[in-house]
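Working notes, beginning with the structure itself.
The values are calculated or read from the model by the stated rules, or taken from the named source; none is laboratory data. Remember, predicted model here, so these are calculated numbers, not experimental data. Neighbour counts run over all protein chains shown; Cβ positions are idealised from the backbone, glycine included. SASA here: full protein model, heavy atoms, side chains in, ligands and nucleic acids out. Shrake-Rupley method; radii C 1.70, N 1.55, O 1.52, S 1.80 Å.
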Amino acid sequence: MQTIRYGNRNNDVKILQSVLNKIGYGPLVVDGVFSDRTLAAVKRFQTNYGLVPDGIVGPKTWQVLEKYLLGYSEYVIKAGDTFSGIAKKFHTTIPFIEAANPTLVPTRLQIGQRIIVPYGMDVILDNVGYTYEVLDYNIRGLRARYPFIGLEVPGKSVLGRNLYVLKIGDGPNKVFYNASHHALEWITTPLLMKWLENVAEGYVMNSSIKGYNIREIYRKSTIYIMPMVNPDGVELVINGLKPTNPNYQELIRWNNGSTDFSKTWEANNRGVDPNHNYNAGWEEYQQVQRELGITGPAPSKYSGPFPESEPESKTTADFTRRVNPRLVLAYHSQGEVIYWDFMNMATEEARRIGDMLARVSGYTLETTYGSASYTGYKDWFIKEYRRPGYTIEVGSGVNPLPITQLPKIYNDNEELLLLAAVV
(Lines give C-alpha, C1' and ligand atoms only; values in the text may rest on other atoms or scores of the structure.)
Protein backbone atom coordinates (compact mmCIF):
# COMPACT_ATOMS: atom_id res chain seq x y z
CA MET A 1 0.00 0.00 0.00
CA GLN A 2 1.20 3.50 -0.73
CA THR A 3 1.58 6.23 1.90
CA ILE A 4 -1.65 8.19 2.21
CA ARG A 5 -2.52 11.32 4.16
CA TYR A 6 -5.13 14.00 4.67
CA GLY A 7 -6.67 15.18 1.40
CA ASN A 8 -5.79 12.08 -0.66
CA ARG A 9 -8.49 10.50 -2.80
CA ASN A 10 -7.82 6.96 -3.99
CA ASN A 11 -8.59 3.28 -3.50
CA ASP A 12 -6.00 2.85 -0.73
CA VAL A 13 -8.03 5.34 1.31
CA LYS A 14 -11.09 3.14 0.77
CA ILE A 15 -9.14 0.12 2.00
CA LEU A 16 -8.02 2.08 5.07
CA GLN A 17 -11.57 3.22 5.81
CA SER A 18 -12.96 -0.29 5.37
CA VAL A 19 -10.42 -1.84 7.75
CA LEU A 20 -10.85 0.90 10.36
CA ASN A 21 -14.60 0.29 10.29
CA LYS A 22 -14.06 -3.44 10.82
CA ILE A 23 -12.00 -2.90 13.96
CA GLY A 24 -14.21 -0.30 15.58
CA TYR A 25 -12.73 3.04 14.52
CA GLY A 26 -15.76 4.11 12.49
CA PRO A 27 -18.28 4.57 11.29
CA LEU A 28 -16.50 6.00 8.27
CA VAL A 29 -18.02 6.43 4.84
CA VAL A 30 -15.93 4.24 2.52
CA ASP A 31 -15.63 6.87 -0.20
CA GLY A 32 -11.86 7.06 -0.75
CA VAL A 33 -11.63 10.62 0.58
CA PHE A 34 -9.13 11.16 3.40
CA SER A 35 -11.30 13.66 5.29
CA ASP A 36 -11.32 15.10 8.81
CA ARG A 37 -13.26 12.11 10.10
CA THR A 38 -10.79 9.62 8.59
CA LEU A 39 -7.87 11.65 9.94
CA ALA A 40 -9.31 11.55 13.47
CA ALA A 41 -9.83 7.77 13.24
CA VAL A 42 -6.27 7.22 12.03
CA LYS A 43 -4.84 9.29 14.88
CA ARG A 44 -6.87 7.31 17.44
CA PHE A 45 -5.63 4.07 15.93
CA GLN A 46 -2.01 5.23 15.94
CA THR A 47 -2.24 6.39 19.55
CA ASN A 48 -3.75 3.08 20.69
CA TYR A 49 -1.03 1.06 18.98
CA GLY A 50 1.93 3.11 20.14
CA LEU A 51 2.57 4.80 16.81
CA VAL A 52 3.31 8.47 16.23
CA PRO A 53 -0.21 9.98 15.91
CA ASP A 54 0.60 12.12 12.88
CA GLY A 55 -2.37 10.95 10.81
CA ILE A 56 -0.07 9.80 7.98
CA VAL A 57 -0.59 6.18 6.99
CA GLY A 58 2.89 5.09 5.97
CA PRO A 59 4.75 1.77 6.15
CA LYS A 60 4.67 1.50 9.97
CA THR A 61 0.94 2.15 10.23
CA TRP A 62 0.17 -0.18 7.33
CA GLN A 63 2.30 -2.85 9.00
CA VAL A 64 0.12 -2.73 12.11
CA LEU A 65 -3.06 -2.62 10.02
CA GLU A 66 -1.94 -5.58 7.92
CA LYS A 67 -3.04 -8.23 10.41
CA TYR A 68 -6.57 -6.85 10.16
CA LEU A 69 -6.34 -6.88 6.37
CA LEU A 70 -5.37 -10.53 6.61
CA GLY A 71 -7.92 -11.33 9.31
CA TYR A 72 -5.72 -13.23 11.73
CA SER A 73 -2.83 -13.00 14.18
CA GLU A 74 0.00 -15.31 15.10
CA TYR A 75 -0.14 -16.08 18.80
CA VAL A 76 2.43 -17.69 21.08
CA ILE A 77 1.00 -20.13 23.62
CA LYS A 78 1.51 -19.10 27.25
CA ALA A 79 1.14 -21.01 30.49
CA GLY A 80 -2.50 -21.73 31.26
CA ASP A 81 -3.76 -21.00 27.74
CA THR A 82 -6.76 -22.88 26.40
CA PHE A 83 -8.58 -22.63 23.09
CA SER A 84 -11.62 -21.21 24.87
CA GLY A 85 -9.54 -18.53 26.58
CA ILE A 86 -7.75 -17.61 23.34
CA ALA A 87 -11.08 -17.49 21.48
CA LYS A 88 -12.51 -15.10 24.08
CA LYS A 89 -9.43 -12.88 23.97
CA PHE A 90 -9.55 -12.53 20.17
CA HIS A 91 -13.36 -12.40 19.84
CA THR A 92 -13.44 -15.56 17.76
CA THR A 93 -14.64 -19.16 18.17
CA ILE A 94 -12.99 -22.48 18.97
CA PRO A 95 -14.00 -24.13 15.64
CA PHE A 96 -12.21 -21.38 13.71
CA ILE A 97 -9.04 -21.77 15.78
CA GLU A 98 -9.18 -25.54 15.27
CA ALA A 99 -9.69 -25.13 11.52
CA ALA A 100 -6.68 -22.80 11.22
CA ASN A 101 -4.50 -25.20 13.22
CA PRO A 102 -5.55 -28.69 12.10
CA THR A 103 -2.55 -30.50 13.64
CA LEU A 104 -2.97 -29.01 17.11
CA VAL A 105 -4.44 -31.06 19.97
CA PRO A 106 -6.33 -28.64 22.30
CA THR A 107 -5.41 -30.65 25.40
CA ARG A 108 -1.71 -30.69 24.53
CA LEU A 109 -0.85 -27.05 23.93
CA GLN A 110 2.83 -26.35 24.47
CA ILE A 111 4.25 -23.13 25.88
CA GLY A 112 6.04 -21.23 23.11
CA GLN A 113 4.04 -22.91 20.37
CA ARG A 114 2.93 -20.55 17.57
CA ILE A 115 -0.64 -20.79 16.33
CA ILE A 116 -2.90 -18.93 13.91
CA VAL A 117 -5.83 -17.13 15.54
CA PRO A 118 -8.52 -15.94 13.09
CA TYR A 119 -10.36 -12.79 14.10
CA GLY A 120 -14.11 -12.85 14.54
CA MET A 121 -14.74 -10.95 11.30
CA ASP A 122 -14.84 -11.65 7.58
CA VAL A 123 -11.68 -11.37 5.51
CA ILE A 124 -13.09 -10.28 2.16
CA LEU A 125 -13.20 -6.53 1.55
CA ASP A 126 -16.51 -6.11 -0.23
CA ASN A 127 -16.81 -2.31 -0.32
CA VAL A 128 -13.59 -1.17 -2.03
CA GLY A 129 -12.09 -1.23 -5.52
CA TYR A 130 -11.09 -4.89 -5.69
CA THR A 131 -7.56 -4.68 -7.05
CA TYR A 132 -4.98 -7.44 -7.43
CA GLU A 133 -3.37 -6.22 -4.20
CA VAL A 134 -6.65 -6.63 -2.30
CA LEU A 135 -7.10 -10.07 -3.86
CA ASP A 136 -3.60 -11.07 -2.78
CA TYR A 137 -4.26 -10.01 0.83
CA ASN A 138 -7.59 -11.80 0.87
CA ILE A 139 -6.14 -15.02 -0.50
CA ARG A 140 -3.39 -14.99 2.12
CA GLY A 141 -5.97 -14.40 4.83
CA LEU A 142 -8.33 -17.13 3.67
CA ARG A 143 -5.53 -19.65 3.27
CA ALA A 144 -4.28 -19.02 6.81
CA ARG A 145 -7.75 -19.26 8.33
CA TYR A 146 -8.92 -22.17 6.16
CA PRO A 147 -5.86 -24.25 5.19
CA PHE A 148 -8.11 -26.80 3.47
CA ILE A 149 -8.53 -24.24 0.64
CA GLY A 150 -6.07 -25.21 -2.08
CA LEU A 151 -4.05 -22.68 -4.07
CA GLU A 152 -2.01 -22.79 -7.24
CA VAL A 153 -0.65 -20.32 -9.77
CA PRO A 154 -1.01 -21.92 -13.21
CA GLY A 155 0.25 -18.82 -15.00
CA LYS A 156 1.01 -15.11 -14.90
CA SER A 157 -0.38 -12.01 -16.59
CA VAL A 158 1.42 -9.88 -19.17
CA LEU A 159 2.97 -7.86 -16.31
CA GLY A 160 3.80 -10.93 -14.25
CA ARG A 161 0.93 -10.86 -11.77
CA ASN A 162 -0.14 -14.27 -10.48
CA LEU A 163 -3.23 -15.83 -12.03
CA TYR A 164 -4.48 -17.54 -8.90
CA VAL A 165 -6.72 -20.60 -8.75
CA LEU A 166 -8.34 -21.54 -5.44
CA LYS A 167 -9.81 -24.97 -4.77
CA ILE A 168 -12.38 -26.16 -2.25
CA GLY A 169 -13.76 -29.67 -2.01
CA ASP A 170 -12.28 -33.05 -2.90
CA GLY A 171 -15.09 -34.81 -4.73
CA PRO A 172 -15.08 -36.32 -8.23
CA ASN A 173 -17.50 -33.73 -9.75
CA LYS A 174 -15.21 -30.96 -11.01
CA VAL A 175 -16.48 -27.46 -11.80
CA PHE A 176 -14.56 -24.30 -12.69
CA TYR A 177 -15.66 -20.72 -12.01
CA ASN A 178 -13.77 -17.66 -13.26
CA ALA A 179 -14.24 -13.88 -13.14
CA SER A 180 -12.87 -10.57 -14.39
CA HIS A 181 -11.98 -11.54 -17.94
CA HIS A 182 -13.01 -7.93 -18.60
CA ALA A 183 -11.27 -5.27 -16.55
CA LEU A 184 -14.33 -3.04 -16.10
CA GLU A 185 -16.22 -6.03 -14.70
CA TRP A 186 -14.03 -6.48 -11.61
CA ILE A 187 -17.07 -6.60 -9.29
CA THR A 188 -17.31 -10.28 -10.23
CA THR A 189 -14.08 -11.01 -8.33
CA PRO A 190 -15.26 -10.04 -4.82
CA LEU A 191 -18.48 -11.92 -5.62
CA LEU A 192 -16.59 -15.21 -6.03
CA MET A 193 -14.22 -14.48 -3.14
CA LYS A 194 -17.07 -13.64 -0.76
CA TRP A 195 -18.86 -16.82 -1.80
CA LEU A 196 -15.72 -18.89 -1.22
CA GLU A 197 -15.30 -17.42 2.25
CA ASN A 198 -18.89 -18.20 3.17
CA VAL A 199 -18.56 -21.76 1.87
CA ALA A 200 -15.35 -22.26 3.87
CA GLU A 201 -17.07 -20.95 6.99
CA GLY A 202 -20.00 -23.30 6.33
CA TYR A 203 -17.59 -26.21 6.10
CA VAL A 204 -15.97 -25.35 9.42
CA MET A 205 -19.30 -24.91 11.18
CA ASN A 206 -20.86 -27.96 9.44
CA SER A 207 -23.76 -25.77 8.36
CA SER A 208 -25.98 -25.30 5.33
CA ILE A 209 -26.39 -22.36 2.97
CA LYS A 210 -29.70 -21.97 1.15
CA GLY A 211 -30.48 -25.55 2.14
CA TYR A 212 -27.23 -26.97 0.70
CA ASN A 213 -25.11 -28.88 3.20
CA ILE A 214 -21.58 -27.59 2.65
CA ARG A 215 -19.78 -30.72 3.81
CA GLU A 216 -21.86 -32.81 1.40
CA ILE A 217 -20.82 -30.49 -1.44
CA TYR A 218 -17.21 -30.77 -0.27
CA ARG A 219 -17.38 -34.58 -0.50
CA LYS A 220 -19.20 -34.62 -3.83
CA SER A 221 -17.45 -31.86 -5.79
CA THR A 222 -14.16 -30.10 -6.36
CA ILE A 223 -14.70 -26.41 -7.07
CA TYR A 224 -11.93 -24.46 -8.79
CA ILE A 225 -12.07 -20.65 -8.82
CA MET A 226 -9.91 -18.28 -10.87
CA PRO A 227 -11.10 -15.02 -9.31
CA MET A 228 -9.23 -12.54 -11.51
CA VAL A 229 -8.34 -13.56 -15.08
CA ASN A 230 -7.21 -10.05 -16.08
CA PRO A 231 -5.39 -8.43 -13.12
CA ASP A 232 -3.39 -5.95 -15.25
CA GLY A 233 -6.56 -4.59 -16.79
CA VAL A 234 -8.28 -4.33 -13.41
CA GLU A 235 -5.32 -2.32 -12.14
CA LEU A 236 -5.68 0.14 -15.04
CA VAL A 237 -9.40 0.58 -14.36
CA ILE A 238 -9.18 1.05 -10.57
CA ASN A 239 -5.78 2.65 -9.95
CA GLY A 240 -5.06 4.17 -13.35
CA LEU A 241 -2.05 4.10 -15.66
CA LYS A 242 1.31 4.43 -13.89
CA PRO A 243 4.38 5.96 -15.61
CA THR A 244 6.26 2.77 -14.71
CA ASN A 245 4.00 0.67 -16.96
CA PRO A 246 6.24 -0.66 -19.77
CA ASN A 247 3.47 0.04 -22.31
CA TYR A 248 2.71 3.53 -21.00
CA GLN A 249 2.70 5.43 -24.30
CA GLU A 250 1.15 2.60 -26.28
CA LEU A 251 -1.69 2.21 -23.79
CA ILE A 252 -2.59 5.89 -24.12
CA ARG A 253 -2.62 5.53 -27.90
CA TRP A 254 -4.72 2.34 -27.75
CA ASN A 255 -7.10 4.13 -25.35
CA ASN A 256 -7.80 6.78 -28.00
CA GLY A 257 -5.33 9.25 -26.51
CA SER A 258 -6.83 9.19 -23.01
CA THR A 259 -5.13 8.45 -19.69
CA ASP A 260 -8.54 7.64 -18.15
CA PHE A 261 -9.03 3.87 -18.19
CA SER A 262 -11.84 3.80 -15.64
CA LYS A 263 -14.82 3.88 -18.03
CA THR A 264 -13.94 1.97 -21.20
CA TRP A 265 -11.06 -0.46 -20.63
CA GLU A 266 -11.89 -4.17 -20.88
CA ALA A 267 -8.58 -5.39 -22.29
CA ASN A 268 -5.29 -6.63 -20.83
CA ASN A 269 -2.03 -4.66 -20.78
CA ARG A 270 -1.46 -5.30 -24.49
CA GLY A 271 -4.86 -4.02 -25.58
CA VAL A 272 -6.21 -7.51 -26.25
CA ASP A 273 -9.67 -8.44 -24.96
CA PRO A 274 -9.12 -11.72 -23.05
CA ASN A 275 -12.70 -12.85 -23.64
CA HIS A 276 -12.28 -12.51 -27.40
CA ASN A 277 -9.03 -14.47 -27.47
CA TYR A 278 -10.39 -18.04 -27.60
CA ASN A 279 -10.68 -20.31 -30.61
CA ALA A 280 -14.45 -20.37 -31.03
CA GLY A 281 -15.86 -18.78 -34.17
CA TRP A 282 -12.47 -17.14 -34.70
CA GLU A 283 -12.81 -16.58 -38.45
CA GLU A 284 -16.35 -15.28 -38.13
CA TYR A 285 -15.22 -12.80 -35.49
CA GLN A 286 -12.46 -11.42 -37.69
CA GLN A 287 -15.16 -10.17 -40.04
CA VAL A 288 -17.09 -8.69 -37.11
CA GLN A 289 -13.93 -6.89 -35.96
CA ARG A 290 -13.41 -5.35 -39.38
CA GLU A 291 -17.01 -4.14 -39.44
CA LEU A 292 -16.47 -2.55 -36.01
CA GLY A 293 -13.34 -0.81 -37.29
CA ILE A 294 -11.06 -2.67 -34.86
CA THR A 295 -7.72 -3.38 -36.50
CA GLY A 296 -5.39 -3.61 -33.49
CA PRO A 297 -5.08 -3.09 -29.73
CA ALA A 298 -8.09 -1.26 -28.30
CA PRO A 299 -10.04 -0.75 -25.04
CA SER A 300 -12.24 -3.73 -25.91
CA LYS A 301 -13.17 -6.35 -28.52
CA TYR A 302 -9.72 -6.76 -30.12
CA SER A 303 -9.18 -10.52 -30.39
CA GLY A 304 -5.40 -10.46 -30.64
CA PRO A 305 -3.14 -11.89 -33.37
CA PHE A 306 -4.23 -15.52 -32.84
CA PRO A 307 -6.26 -17.61 -30.38
CA GLU A 308 -4.75 -17.80 -26.89
CA SER A 309 -2.05 -15.30 -27.83
CA GLU A 310 -2.39 -13.74 -24.36
CA PRO A 311 -1.05 -15.35 -21.18
CA GLU A 312 -4.32 -14.69 -19.36
CA SER A 313 -6.55 -16.56 -21.83
CA LYS A 314 -3.99 -19.28 -22.53
CA THR A 315 -3.57 -19.95 -18.81
CA THR A 316 -7.34 -20.18 -18.38
CA ALA A 317 -7.70 -22.54 -21.34
CA ASP A 318 -4.71 -24.69 -20.32
CA PHE A 319 -6.06 -24.98 -16.79
CA THR A 320 -9.42 -26.04 -18.17
CA ARG A 321 -7.75 -28.71 -20.32
CA ARG A 322 -5.84 -30.05 -17.34
CA VAL A 323 -8.75 -30.10 -14.90
CA ASN A 324 -11.32 -31.27 -17.46
CA PRO A 325 -14.36 -29.86 -15.59
CA ARG A 326 -17.90 -31.07 -16.07
CA LEU A 327 -19.29 -27.52 -15.98
CA VAL A 328 -17.91 -23.96 -16.13
CA LEU A 329 -19.20 -20.52 -15.16
CA ALA A 330 -17.60 -17.35 -16.55
CA TYR A 331 -18.68 -14.29 -14.57
CA HIS A 332 -19.21 -10.93 -16.29
CA SER A 333 -21.33 -7.81 -15.80
CA GLN A 334 -23.96 -6.56 -16.55
CA GLY A 335 -27.57 -7.40 -17.57
CA GLU A 336 -28.79 -10.11 -15.15
CA VAL A 337 -28.78 -12.72 -17.90
CA ILE A 338 -27.26 -16.18 -18.38
CA TYR A 339 -25.86 -17.11 -21.80
CA TRP A 340 -25.81 -20.86 -22.32
CA ASP A 341 -25.31 -21.76 -26.01
CA PHE A 342 -22.75 -21.38 -28.79
CA MET A 343 -23.68 -21.92 -32.43
CA ASN A 344 -26.35 -24.48 -31.39
CA MET A 345 -23.65 -26.75 -29.95
CA ALA A 346 -24.98 -26.81 -26.37
CA THR A 347 -26.80 -29.94 -25.26
CA GLU A 348 -30.30 -30.40 -23.88
CA GLU A 349 -28.70 -31.05 -20.50
CA ALA A 350 -27.05 -27.62 -20.71
CA ARG A 351 -30.43 -26.03 -21.42
CA ARG A 352 -32.02 -27.88 -18.50
CA ILE A 353 -29.28 -26.80 -16.09
CA GLY A 354 -29.43 -23.26 -17.48
CA ASP A 355 -33.14 -23.13 -16.69
CA MET A 356 -32.38 -24.19 -13.11
CA LEU A 357 -29.65 -21.58 -12.72
CA ALA A 358 -31.98 -18.90 -14.08
CA ARG A 359 -34.74 -19.93 -11.70
CA VAL A 360 -32.65 -19.71 -8.52
CA SER A 361 -30.98 -16.42 -9.52
CA GLY A 362 -33.92 -14.62 -11.07
CA TYR A 363 -31.80 -14.03 -14.18
CA THR A 364 -33.01 -14.60 -17.75
CA LEU A 365 -31.64 -17.48 -19.84
CA GLU A 366 -30.67 -16.15 -23.27
CA THR A 367 -28.47 -16.74 -26.30
CA THR A 368 -25.85 -14.21 -27.34
CA TYR A 369 -25.96 -11.99 -30.40
CA GLY A 370 -23.62 -9.70 -32.33
CA SER A 371 -19.97 -9.38 -31.34
CA ALA A 372 -20.61 -11.22 -28.06
CA SER A 373 -21.43 -14.39 -30.02
CA TYR A 374 -17.84 -15.42 -30.74
CA THR A 375 -14.38 -16.13 -29.27
CA GLY A 376 -15.46 -16.07 -25.60
CA TYR A 377 -14.38 -18.50 -22.92
CA LYS A 378 -17.72 -20.29 -22.52
CA ASP A 379 -18.01 -20.44 -26.34
CA TRP A 380 -14.68 -22.20 -26.52
CA PHE A 381 -15.59 -24.58 -23.68
CA ILE A 382 -18.88 -25.57 -25.31
CA LYS A 383 -17.19 -26.03 -28.68
CA GLU A 384 -14.35 -28.15 -27.30
CA TYR A 385 -16.20 -30.21 -24.68
CA ARG A 386 -19.93 -30.14 -25.53
CA ARG A 387 -20.56 -29.72 -21.81
CA PRO A 388 -22.53 -27.10 -19.86
CA GLY A 389 -20.82 -23.71 -19.96
CA TYR A 390 -22.37 -20.40 -18.96
CA THR A 391 -21.61 -16.71 -19.07
CA ILE A 392 -23.28 -15.11 -16.06
CA GLU A 393 -23.90 -11.37 -16.51
CA VAL A 394 -24.47 -9.91 -13.02
CA GLY A 395 -26.00 -6.61 -11.98
CA SER A 396 -27.51 -3.86 -14.07
CA GLY A 397 -26.43 -0.42 -15.21
CA VAL A 398 -23.22 0.83 -16.77
CA ASN A 399 -19.83 -0.84 -16.24
CA PRO A 400 -18.01 -0.62 -13.98
CA LEU A 401 -20.94 -1.32 -11.70
CA PRO A 402 -20.73 0.46 -8.33
CA ILE A 403 -19.62 -1.77 -5.49
CA THR A 404 -22.88 -0.86 -3.73
CA GLN A 405 -24.54 -3.39 -6.06
CA LEU A 406 -22.51 -6.26 -4.62
CA PRO A 407 -24.96 -7.25 -1.82
CA LYS A 408 -27.78 -7.75 -4.33
CA ILE A 409 -25.47 -9.44 -6.83
CA TYR A 410 -24.28 -11.79 -4.11
CA ASN A 411 -27.81 -12.60 -2.99
CA ASP A 412 -28.83 -13.33 -6.60
CA ASN A 413 -25.86 -15.65 -7.20
CA GLU A 414 -25.25 -17.46 -3.91
CA GLU A 415 -27.57 -20.36 -4.67
CA LEU A 416 -26.64 -20.38 -8.35
CA LEU A 417 -23.01 -21.05 -7.41
CA LEU A 418 -24.01 -23.79 -4.97
CA LEU A 419 -26.36 -25.44 -7.44
CA ALA A 420 -23.79 -25.38 -10.25
CA ALA A 421 -21.43 -27.37 -8.03
CA VAL A 422 -23.83 -30.29 -7.56
CA VAL A 423 -26.37 -30.30 -10.40
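For the pair Glu284 and Asp122 in one chain, pulling the backbone fully straight at 0.36 nm per residue adds 53.7 nm over the alpha carbon distance. Helical runs assigned H by DSSP (4 residues or longer) give the chain a calculated mean residue ellipticity at 222 nm of -12000 deg cm²/dmol, each run adding -39500 (n - 2.57) before division by the residue total. Here's the list of lysines a cross-link from Lys383 could span, going by alpha-carbon distance under 28 Å and ignoring same-chain residues fewer than 8 apart: Lys156, Lys167, Lys174, Lys220, Lys301, Lys314. Sequence-ordered 3J(HN,Hα) estimates for segment 139-146 from the Karplus curve with 6.51, -1.76 and 1.60 and θ = phi - 60° stand at 5, 4, x, 5, 5, 6, 6, 10 Hz, glycine and proline given as x.
Placing +1 on the Cβ of every Lys and Arg and -1 on the Cβ of every Asp and Glu, with no other charges, gives the chain a dipole of roughly 1340 debye about its Cα centre. Could you let me know the centre-to-centre spacing of segment 316-391 and segment 31-60, using Cα atoms, in angstrom? Cα centroid of segment 316-391 versus Cα centroid of segment 31-60: 47 Å apart.
With angles folded into 0 to 90 degrees, how steeply does helix 348-361 sit against the dominant principal axis of the chain? Use alpha carbons for both and round to 10. Between the helix axis and the principal axis of the chain, the angle is about 40 degrees. For Lys78, the lysines whose Cα falls under 30 Å of its own Cα, not counting residues fewer than eight places away in the same chain, are Lys22, Lys60, Lys67, Lys88, Lys89. Placing unit charges on the Cβ atoms only, positive for Lys and Arg and negative for Asp and Glu, gives segment 160-314 a dipole magnitude near 420 debye about its Cα centre.
Skip the ligands, DNA and RNA, and give the accessible area per residue of the chain with a 1.4 Å probe, whole Å².
On a per-residue basis, the chain sits at 41 Å².
Classify segment 339-423 as rounded, prolate or oblate from the Cα gyration tensor: take a ≥ b ≥ c as the square roots of its eigenvalues, call it rounded if a/c is under 1.5, otherwise prolate when a/b beats b/c and oblate if not. Oblate.
With a Förster radius of 56 Å, plug the Cβ-Cβ distance of Arg37 and Thr103 into 1/(1 + (r/R0)^6) and report the FRET value to the nearest 0.05.
Result of the calculation: an efficiency of 0.80.
Given a 1.4 Å probe and every protein chain left where it sits, what share in percent of the accessible area of the chain is carbon and sulfur?
Carbon and sulfur: 49 percent of the exposed surface of the chain.
Computed 3J(HN,Hα) for segment 251-260, one whole-Hz value per residue from the Karplus formula 6.51 cos²θ - 1.76 cosθ + 1.60 where θ = phi - 60°, is 4, 4, 5, 5, 8, 6, x, 9, 9, 9, glycine and proline marked x. Take every pair of alpha-carbon atoms less than 8 Å apart whose residues are at least six positions apart; their mean separation over the length of segment 1-159 yields a relative contact order of 22 percent.
Per residue, the average separation of C-alpha pairs within less than 8 Å and at least 6 apart gives the chain a relative contact order of 14 percent. Taking the Cα atoms only, what angle lies between the long axis of helix 311-323 and the longest principal axis of the chain, rounded to 10 degrees? That works out to roughly 80 degrees.
Just to be sure I understand: if I project the alpha-carbon convex hull of segment 33-78 onto a plane and average over all orientations, what area do I get in nm²? Over every viewing direction, the Cα hull of segment 33-78 projects on average to 4.1 nm². Spatial offset of segment 175-213 relative to segment 118-157 amounts to 12 Å, using the alpha carbon center of each. Divided by 2.2 N^0.38 Å, where N counts the residues, the Cα radius of gyration of segment 262-310 comes to 1.04. Computed over the chain, the convex hull of the alpha-carbon atoms projects to a mean area of 21.1 nm².
Projecting label points 7 angstrom from Cα along Cα→Cβ for Leu151 and Arg44 puts them 3.2 nm apart. Taking a Cβ cut-off of under 10 Å around Tyr339, the surrounding Lys, Arg, Asp and Glu residues balance to a net charge of -3, with basic ones at +1 and acidic ones at -1. Globularity index of segment 373-423 is 1.39 (Cα radius of gyration / 2.2 N^0.38 Å, N = number of residues).
Straight distance only, please: which aspartates and glutamates reach the Cα of Lys242 with their own Cα at less than 14 Å, same-chain residues fewer than 8 apart left out? The reachable aspartates and glutamates, counting only those whose Cα sits under 14 Å from Lys242, are Asp232, Glu250, Asp260.
Highest mean packing comes first when the peptides 104-116, 321-333 are listed by Cβ atoms within 10 Å, giving 321-333, 104-116. Taking the longest Cα principal axis of the chain as reference, the axis of helix 188-205 is set at about 50 degrees. The orientation-averaged projection of the convex hull spanning the C-alpha atoms of segment 265-417 amounts to 8.9 square nanometres. Taking a sphere under 14 Å around the Cβ of Ala267 and counting the other residues whose Cβ falls inside, with K and R at +1 and D and E at -1, yields a net charge of -4.
Overall dimensions of segment 216-269, expressed as equivalent-ellipsoid semi-axes from the Cα gyration tensor (√(5λ), whole Å, largest first), are 34, 10, 8. Neighbours of Met1, meaning other residues whose beta-carbon lies under 10 angstrom from its beta-carbon, give a summed charge of -3 when Lys and Arg score +1 and Asp and Glu score -1.
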